[in-house]
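Chemist: First the structure, which I've put down as structure tokens, then a few questions once you've had a look.
A short reminder: the numbers here are calculations on the coordinates, not readings from a lab. It should be emphasised that the depicted structure is a prediction, and the values quoted were computed from it without experimental measurement. FYI the Cβ positions are ideal-geometry reconstructions off the backbone, even for glycines, and counts take in every protein chain you see.
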Amino acid sequence: MRGDTMRVVIVGAGLAGLTAAVELVAAGAEVTVLEARDRVGGRMHGISATATAVADGGAAYLGVRHTALLEQVEEYGLHLASTGMVGDSTFLVSDRRTTTASRVPPLDAVALGDLFDRLEDLVASVRPDAPWSSPQAERLDRVTAARWLADEVTHPDARTFFPLFLGEMMAADPAAISVLHMAFYLRSGGGIRYLNAFEGGAQQWRIDGGAHLLCEALGDRLGDRIRLSSPVAAIEQGDDGVLVRCVADEDGRSSEYRADRVVVAVPPLLAERIDFLPGLRTPRATAATGRGCAVKVHLGYPDPVWRQSGLSGWSVSTDGPLLSTVDDSPPDGSAGVLTGFVTGAEAIAYSALPGDRQKEAALAHTHRLFPQLPPPTHFAVTDWLREKYSRGCYAALFGPGDWLQLGPTLTEPHGRVHWAGTETSLEFFGLMEGAIRSGRRVATELIHGAESAIPSRKVLSR
Ligand SMILES: Cc1cc2nc3c(=O)[nH]c(=O)nc-3n(C[C@H](O)[C@H](O)[C@H](O)COP(=O)(O)OP(=O)(O)OC[C@H]3O[C@@H](n4cnc5c(N)ncnc54)[C@H](O)[C@@H]3O)c2cc1C
């Protein structure tokens, strides 16, 4: 420490790192935030969907239980836009188009009801405060969600629906996650019904103008404490402090920062790439840890034209690329923005296409869903699979064995190095709310001096 002032370096200017930084500055710490990208916000990113409308290329939706997020929205003078679903849904199930008032695809209702009952049972069996200590943790952590489906669910309609559901909820291919992760994620986010709902659920609102505005507001408060384009490569600690080293620039110059404590607020697969000296006692990710796979496409129109035909813009398709679409138009209707979600295994195939083929495939799919629409005036793709500094969108996916191995030490400091990021939050894991809660938790940890033995290099070197 310099005098009584604690020097903290925060790695990552996503919502978690920014929240931690603002709280630590308010508590009197000297804070530097090192961010790899040339912007703040990480997985919250605004993109132009029409000449006047900005849409969420990343995180968008929030609900009434996201109390920390709602507090920040209010504190920074931002406004909410309702996702209000007025009009009929559109479904493309096995190539057949239907429109109906229901939000559930026209599949066997009893089979879907049974599937949800079984999922609810799994969700209820998980300990939200320590999923790795759930009664059936070992069994549930061994099996992938795809295996569970194959073994436990026989009805073809339930089998058709399941990957769509996990694609929408978690941007996950069922083969990539353990049953424990699926059940934990659904529980952590408030349960299946809450997570899946617009009205009264986790998708009730968007932040008017884009969720990235919140990160920009936090960034403005931090000012020049944030260093952009500063990817951290190594973190070395000893008895007297920590040295944080950034990747060398084109001229071979590498910036270094000294601190008393470091907060690493990056997704687990990226934390794993940082060189820690002494090495980590437990990894942040394993070979089984996967990336959530999401590509968002935005189609821009002069106004929300689908509403004229009594349609809400909400659609679900059993075949890709657009597994779902939603109306993300500005609240005043000054432009029409239709967002398409390409998720899970479909996103991997879509991401591999050249740009013109991506556009062609998305437009053809939209035409089948909404034949009455004119061609869009704007088209944009946000491909999170190609984002070097995200590696997992919406969030990292814990594969078989991960919760038992990684869970117990998710937030345990490594000497002077502390952890934040939505993937370290047991509450609302993977969501913006989880990111804020993790940022607050780590700030409290530092402010109240959660001490952890400084690891000895000899014992811990990798
Ligand atoms: C398509 C999509 C849709 C989503 N939808 C929703 C939604 O509707 N609702 C919701 O609540 N959440 C949603 N999410 C999830 C939400 O975006 C995340 O939970 C949240 O933004 C995570 O914040 P974070 O600070 O933990 O991580 P990040 O936002 O990933 O921030 C980490 C930061 O660290 C930086 N970084 C990485 N490596 C390094 C390094 N070595 N050195 C320095 N900096 C580094 C990154 O550039 C990044 O800025 C969505 C995400 C995506 C991508």
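Chemist: With θ set to phi - 60°, apply the Karplus curve 6.51 cos²θ - 1.76 cosθ + 1.60 along segment 243-249 and write out the HN-Hα couplings as whole Hz, x wherever there is a Gly or Pro.
Modeler: 10, 10, 10, 8, 4, 5, 7
Chemist: Okay, next question. So between ILE348 and GLU256, what do we pick up on full extension, going 0.36 nm a residue minus the alpha carbon distance?
Modeler: This chain segment gains 29.5 nm when fully extended.
Chemist: Which whole-number percent gives the relative contact order of the chain, counting Cα pairs below 8 Å spaced six or more residues apart?
Modeler: Relative contact order for the chain comes out at 25 percent.
Chemist: Kirkwood hydrodynamic radius of segment 145-191 from all distinct Cα pairs, in Å?
Modeler: About 10.8 Å, per the Kirkwood formula over Cα pairs.
Chemist: Residues in segment 185-201, backbone N under 19 Å from the label point at ASP117 (7 Å along the Cα-to-beta-carbon vector): list them, ranges by number please.
Modeler: 192-193
Chemist: Quickly estimate the mean residue ellipticity at 222 nm for the chain, helices only: each DSSP H run with n ≥ 4 gives -39500 (n - 2.57), and the total goes over all residues, rounded to 500. Could the numbers behind the result be given before it?
Modeler: Values: 15 runs with 144 residues, N = 462.
Dividing the helical sum by the residues of the chain leaves -9000 deg cm²/dmol.
Chemist: Please give the length that would be gained between VAL104 and ASP224 if that part of the chain were fully extended, namely 0.36 nm times their separation in residues minus their C-alpha to C-alpha distance (nm, one decimal).
Modeler: Here the answer is 38.4 nm.
Chemist: So if each residue of separation counts as 0.36 nm, and I subtract the Cα-Cα distance between ARG97 and ASP319, what length gain in nm does that give?
Modeler: 78.7 nm
Chemist: For the pair ALA175 and ALA197, how long in nm is the line joining their label points, each one 7 Å along Cα→Cβ?
Modeler: Placing both labels 7 Å beyond Cα along the Cβ direction yields 3.5 nm.
Chemist: Additional query: Relative contact order of segment 108-194, please, whole-number percent, based on alpha carbon pairs below 8 angstrom and at least 6 residues apart.
Modeler: 41 percent
Chemist: 7 Å from Cα along Cα→Cβ at both HIS448 and ALA130: what's the point-to-point distance in nm?
Modeler: It works out to 1.8 nm between the two label points.
Chemist: Expressed in nm², what is the orientationally averaged projection area of the convex hull enclosing the Cα positions of the chain?
Modeler: 21.9 nm²
Chemist: Report the label-to-label distance for ASP4 and VAL86 in nanometres (one decimal), using points 7 Å from each Cα along the Cα→Cβ vector.
Modeler: 5.7 nm
Chemist: Run the paramagnetic zone check for GLN308: 7 angstrom along Cα to Cβ, then residues of segment 318-335 with backbone nitrogen under 16 Å.
Modeler: 333-335
Chemist: Now for a separate question. Between ALA233 and THR286, what is the FRET efficiency for a Förster distance of 22 Å, r being their Cβ-Cβ separation, to the nearest 0.05?
Modeler: The value I calculate is 0.55.
Chemist: Helix 15-26 sits at what angle to the longest principal axis of the chain, using alpha carbons and giving 0 to 90 degrees rounded to 10?
Modeler: Result, in degrees: 40.
Chemist: Restrict the search to segment 33-96; then list the trypsin sites (Lys or Arg not before Pro) that DSSP places in a loop and that have at most 13 other Cβ atoms within 10 Å of their Cβ.
Modeler: none
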